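**Q** Can you read through this structure? Questions will come right after.
The values are calculated or read from the model by the stated rules, or taken from the named source; none is laboratory data. Here the structure is a predicted model, which means the values were calculated and not measured. Cβ placement follows ideal geometry from the backbone for every residue including glycine, while neighbour counts extend to all protein chains displayed.
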Amino acid sequence: MSIVLVGGHDCMHNEYKRTCKESGHNIKVLTQMKANFHKRIGSPDAIIIFTSTVSHKMVQSAIKKAKKKNIPIIRSHTSSKSALKNIINKLEKKVSN
């Protein structure tokens, strides 16, 4: 499963990637609003937004892309490694059903 993580802490970037890799998923972590942000999202299976550490503009751009491509969005106020693990587990359960 391919996942895009919008937000989170810059210093946790490698931890987020390691957590997804351990679960057997690909992840793209976007913690900063850079040029062509909406194009960087691509077409993942899901978008996770850590709302406490992300700008409103990034959230709006991610939501617009998700609606256009019919990509599920999961929001979490917490941007911890354990929160990411819990979200991945929920996504895996949805996919297996």
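**Q** Any idea how many residues of segment 61-82 are closer than 19 Å to K28 by Cβ, small (G, A, S) and in a helix (DSSP H, G or I)?
**A** The total comes to 3.
**Q** List pairs: first in segment 83-97 and part of a helix (DSSP H, G or I) and surrounded by fewer than 11 Cβ atoms within 10 Å (Cβ to Cβ), second at pLDDT 90 or above and of a type in the set (A, V, I, L, M, F, W, C), Cβ under 8 Å, 6+ apart or cross-chain?
**A** V95/M1
**Q** A follow-up question, please. What number of residues within segment 1-53 are under 21 Å from K94 (Cβ atoms) and either free of Cβ contacts under 8 Å to residues at least 24 places away in the same chain or part of a loop (DSSP other than H, G, I, E, B) (or both)?
**A** Looking only at that region, the number is 9.
**Q** Every residue in segment 70-82 that is over 21 Å from H13 (Cβ atoms) and either touching a Ser or Thr at 6+ places or on another chain (Cβ under 6 Å) or free of Cβ contacts under 8 Å to residues at least 12 places away in the same chain (or both), please.
**A** N70
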